[in-house]
Amino acid sequence: MAYIALKRMLFGPQRLEVGDEVPFEPNRDYGLMLRQGLIADTERVAATAEQHEQDMEGARARIRQLEGLLADARAELQAVQGEPAKTAKKASRGAAVAAA
């Protein structure tokens, strides 16, 4: 099984950076390093990354849908607000003319 480093660490004589492949050495307790969050199984990381990308694409599609709904709602609100505002202007102008 292949692993990658999740944290910077010394591994025997070499320094591993995040994302580096962890070399296999007999008698090392890789299970302990997994539980401590020092390393991760490359297959699991790849599957998680793929699932994350699918989730992000779904979220992007939902955002685009919501942006469309928001644009429609704004246009409808402007249309509704625009008509009473014009009516109110005319009414206030009529009241000003009547007062004069």
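Remarks
- Filter result for Gly31 (assigned to a helix (DSSP H, G or I) and at pLDDT 90 or above): yes
- Qualifying position, being within 25 Å of the chain's Cα centre (by Cα), free of Cβ contacts under 8 Å to residues at least 24 places away in the same chain and surrounded by 10 or more Cβ atoms within 10 Å (Cβ to Cβ), among Ala5, Ala73: Ala73
- Only residues that are among the polar types (S, T, N, Q) and either farther than 28 Å from Glu21 by Cβ or in contact (Cβ under 8 Å) with a residue 40 or more places away in the chain (or both) were counted in region 40-63, giving 1.
The values are calculated or read from the model by the stated rules, or taken from the named source; none is laboratory data. In this text the structure is predicted, and so the values were computed from the model without any measurement. Reconstructed Cβ throughout: ideal geometry from the backbone, glycine too, with neighbour counts over all protein chains shown.
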